[in-house]
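First the structure, in the form of structure tokens, and then the observations on it.
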Amino acid sequence: MATHTRRVVFGRINRRNPGQETLQMREFADDMRTLADSHKTVHTVKSTGGRPGRRWVAADMASTADGDFLTGLLGFSEQQQHVTFDDETFSWLKGEVADSDSASEQTIVPFAVDLREHQRWIGFATTARLQPQTFRTGFESVLNEAVSALGLVPVNWEVDLVTSGSRIVEWLKQNPKVHMLRRTLKFTNPGKNLDEDRQQMRALAANRKTEVFKAARGKTLNVESDEFRDKLYGTDTGDLHVVMEARGAHGVREVKFNSDDTVDDSKVEDFGTNLARGTETVLAALREYVTAKEPPAQTQLA
């Protein structure tokens, strides 16, 4: 009998300064614990155009015994009307109508965060209604809401989905005839890693830079060049978004790669509606992911 699985997606939390100047910031772990203890990680989205209002909440947050990770639940409730079918009159029209603001197993997911300063990885489970981009938007919103309410250093907290370089390399092996590359750079944490591109962004007071490289008609880009590979650096930390278009093989006319759609993830055993077990499962998956990313320890020579 096949085992049911759930998907855990990985990303990274980056604190970016809107003005791009260097700021003296508190340790990431200290800020995360402050936000977790504040009970202010709440964000309300008003109903618009027939879409019900949502109330996002990150709750049940706690640090692990070793102090390296934080776990919690992110979910949203919706304002909806529920109709109870009237069996006596066999009617929906005569059924009892009640307003509710509630969540379900499809709108609450467990997450875990690596609190170490130069890690800041996050892992979270998904559902049919809480896909990666939805989680990213919701978690960013509750973090920034709490940062504003607490008067912390005014930076934008962003949840960046990540794509390991190995995934891109594998795609390029299968689709080497790339004729278009579009890359969008973001700042890393304030004041760090200011290469030439980001120096230009700072000078122009820009928080994004997009470049497009297109081959001549009927030609392809040199994907084997160091320059091309350098243009792909940063997807594994969430500082770069990449889109590539290639001529496919075997009669396939066009193939597209989008780093937003090819994010790092893993399959875990389904925890059903047991969110406590789900939290443990996601934490274990994140620990495994982080361990795999860390370079192996060097052997000490006698």
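Bear in mind that the values in this text are calculations on the coordinates, not laboratory data. What you see is a predicted model; the values in this text were computed from it and never measured. Note: ideal-geometry Cβ built from the backbone for every residue, glycine included; neighbour counts use all protein chains shown.
Taking Cα pairs under 8 Å and at least six residues apart, what relative contact order does region 7-139 come out at, in percent? Let's see the in-between values first.
Values: 220 pairs, mean separation 35.0, N = 133.
Reported as a whole number, the value is 26 percent.
Find the relative contact order for region 165-258 and round it to a whole percent, using C-alpha pairs within less than 8 Å whose residues are 6+ positions apart.
Numbers: 125 pairs, mean separation 37.9, N = 94.
40 percent.
Convex hull over the alpha-carbon atoms of region 91-235: what's its volume per residue in Å³?
Details: hull volume 35.5 nm³, N = 145.
Normalising the Cα hull of region 91-235 by residue number yields 245 Å³.
Find, among the trypsin sites (Lys or Arg not before Pro) in region 50-105, those assigned to loop by DSSP (not H, G, I, E, B) with at most 15 other beta-carbon atoms within 10 angstrom.
Values: sites: 54, 55, 94; in loops: none.
Answer by residue number: there is no such site.
Residue by residue, what Karplus-based ³J(HN,Hα) values in Hz, rounded to whole numbers, does region 147-164 have, using 6.51, -1.76 and 1.60 with θ = phi - 60° and x for Gly and Pro?
4, 5, 5, 8, x, 6, 3, x, 10, 8, 8, 10, 9, 9, 5, 10, 10, 5
I need the peptides 163-171, 35-43 ranked by packing, meaning the mean over residues of other C-beta atoms within 10 angstrom, with the highest value on top. Mind dumping the intermediate values first?
Details: 163-171: 16.0, 35-43: 17.7.
Result, highest mean Cβ count within 10 Å first: 35-43, 163-171.
At 222 nm, what helix-only mean residue ellipticity would the chain give, in deg cm²/dmol to the nearest 500, using -39500 (n - 2.57) for each DSSP H run of four or more?
Numbers: 6 runs with 72 residues, N = 302.
That calculation yields -7500 deg cm²/dmol at 222 nm.
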